[in-house]
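What follows is a single structure, written as structure tokens, with notes after it.
The values are calculated or read from the model by the stated rules, or taken from the named source; none is laboratory data. What you see is a predicted model; the values in this text were computed from it and never measured. FYI the Cβ positions are ideal-geometry reconstructions off the backbone, even for glycines, and counts take in every protein chain you see. We work out accessible area using only protein heavy atoms, side chains counted, and drop any ligands, DNA or RNA first. Shrake-Rupley method; radii C 1.70, N 1.55, O 1.52, S 1.80 Å.
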Amino acid sequence: MTDLHRQAARAAAFCLGFAACACHAQTAAAPSPTVAFKTFAEVATYPGRDAPAQAVALNRTQLAAEVSARVASTHADPGERVNKGHVLVRLDTRDYQLALERARAQLKAAEARLAQADAQLRRTRALQAQNFVSPEALTQRETEVEVVRADVSVAANAVDLAQRNLDKCVLRAPYDAIVRTRDASAGSLAGAGMVLMTLEDATRVEVSARVAPRDLASLRAAKSVEFVSPAGRSAVRIARVSPAIDDASRTHEVRAAFTGARAPAGAEGRLAWTDPAPHVPAELVTRRDGSGSSLLGVFVLRDGVARFVELPGAQEGRPAASTLPADARIATDGRNSLRDGQKMP
């Protein structure tokens, strides 16, 4: 090898050594990843919950005829609001008026027979006191009076029944209501049991919601609950929770009562509330392998050491409920580089 070749080799080796030293120095100078911690109280979130719901009338009545008669007139139309006691339908009363008059006449005849029997009984008692009639004759008169008195009672009941049938020819609203349908028209024949109108309670309106079993606890503990619909937001309180689970939707029916402005019956919306339990934000939930399976949790600083704490029931991409104390320090920035048991500077 010539001197020229030796000098070139030494120069190349010097350059390689210098580059290696520079690279080592740069690596040594690179700072280690920093990890930031914040208390659970600082990062906790309280997610909103909701469930499909509808405003429903507590009472829905199919107003039916109790007697057979021709419809004389109707006094409410679909969509109309009526007050309790408002006349809705009038039936033809002529047949029932005649029946009432006949029952009253029969009652008067029975009362007249009773008056006559009473008079005969008084005379018989007077004669029996003077031994002019036998005790058997007196007993017969007393029996006749009781028989006629029973006839009077039957006749009186017939008058009451005829009056009730006459009263049934006028159908009134049983409560403040909204007329949903009108199935009767003047001149049509109404048979006993035939539906003439359908009413919905205008004042007693509740919210019926379908709530998943996992959300019941947070709903019961919520400080405020609202029914949100196109009509607006209305404050409600939980009135009843059905213990049964619907076979189709796998949900509980929850009934809520309005505490403020009521939504109209039939309005569809959502039952909305805020979960009162603190949750770890979804972006802070970390996945780590452990015990042969993948776990979801957070890193918590304890005595200068980062500890991985599993969050039972956590789902990736969703906030996770946690019972960590409010002052627990949770890793935020740099958490993905942590290992369980790693000491923090």
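Among the GluC sites (Glu not before Pro) in the range 281-345, which ones are in a DSSP loop with at most 13 other Cβ atoms within 10 Å of the Cβ? Mind listing them?
316
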Solvent exposure of the chain as accessible area per residue, Å², 1.4 Å probe = 60
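Can you tell me the length gained on complete extension of the stretch residue 168 to residue 128, counting 0.36 nm per residue apart and subtracting the Cα distance?
Values: separation 40, 0.36 × 40 = 14.40 nm, distance 5.12 nm.
Once the chain is fully extended between residue 168 and residue 128, it gains 9.3 nm.
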Taking the Cα-to-Cβ direction at residue 156 and at residue 282 and moving 7 Å from each Cα, how far apart do the two end points lie in nm?
-> 7.8
Of 36, 190, 217, which has the largest mean-square fluctuation in a 10 Å C-alpha GNM of the chain?
-> 36
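Rounded to the nearest 20 Debye, what is the dipole magnitude of the chain about its Cα centre when Lys and Arg each give +1 and Asp and Glu each give -1 at the C-beta?
520
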Under the Kirkwood approximation applied to all pairs of distinct alpha-carbon atoms, what is the hydrodynamic radius of the range 221-315 in Å?
-> 17.2
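If r is the Cβ-Cβ distance from residue 101 to residue 185 and R0 is 35 Å, what FRET efficiency results, to the nearest 0.05? List each step's numbers first, then the result.
On the way: r = 29 Å, r/R0 = 0.83.
The pair residue 101/residue 185 has a calculated efficiency of 0.75.
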Pick out, from 83, 165, 345, the residue whose Cα sits farthest towards the positive end of the charge dipole of the chain, with +1 on the Cβ of Lys and Arg and -1 on the Cβ of Asp and Glu.
-> 345
Just tell me which aspartates and glutamates come within less than 12 Å, Cα to Cα, of residue 343; anything on the same chain fewer than 8 places away is out.
-> 303
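Please give the contour-minus-distance gain from residue 195 to residue 228: 0.36 nm per residue of separation, less the Cα-Cα distance, rounded to one decimal in nm. Show your work: numbers first, answer last.
Details: separation 33, 0.36 × 33 = 11.88 nm, distance 3.44 nm.
Answer, rounded to one decimal: 8.4 nm.
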Got a sec to turn the phi values of the range 62-71 into Karplus ³J(HN,Hα) couplings, 6.51 cos²θ - 1.76 cosθ + 1.60 with θ = phi - 60°, whole Hz, x for Gly and Pro?
-> 9, 6, 10, 6, 9, 9, 8, 6, 7, 6
Give, to the nearest whole percent, the P(r) tail of the range 205-262 beyond 16 angstrom, counting all Cα pairs.
-> 43
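Where does the range 44-147 land on Rg(C-alpha)/(2.2 N^0.38 Å)? Intermediate results must be reported in sequence, preceding the final value.
On the way: Rg = 31.6 Å, N = 104, 2.2 N^0.38 = 12.8 Å.
That works out to 2.46 for the range 44-147.
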Arranged from highest to lowest average of other beta-carbon atoms within 10 Å per residue, in what order do the peptides 272-279, 247-254 appear?
-> 272-279, 247-254
Using only Cα atoms, what is the ratio of the radius of gyration of the range 160-267 to 2.2 N^0.38 Å?
-> 1.54
Enter the Cα centre distance for the pair the range 120-143 and the range 162-236, rounded to the nearest angstrom.
-> 66
Kindly provide the helix-only [θ] at 222 nm of the chain, computed as the sum of -39,500 (n - 2.57) over DSSP H runs of four or more divided by all residues, to the nearest 500 deg cm²/dmol?
-> -10500 deg cm²/dmol
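As an exercise, use a Förster radius of 51 Å and the Cβ-Cβ distance of residue 342 and residue 212 to find the FRET efficiency, rounded to the nearest 0.05.
Computed FRET efficiency for residue 342 and residue 212: 0.85.
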At what distance in nm do the modelled label points of residue 301 and residue 75 sit from each other, each positioned 7 Å from its Cα along Cα→Cβ?
-> 7.9
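When the accessible area of the chain is split by element with a 1.4 Å probe, what percent falls to carbon and sulfur? All intermediate terms of the calculation are to be shown ahead of the outcome.
Working: 10770 of 20850 Å².
About 52 percent, which is the carbon plus sulfur part of the accessible surface.
So how many Å³ per residue does the convex hull of the Cα atoms of the chain work out to? Walk me through the numbers before you get to the answer.
On the way: hull volume 114.7 nm³, N = 345.
Spread over its residues, the Cα hull of the chain gives 332 Å³ apiece.
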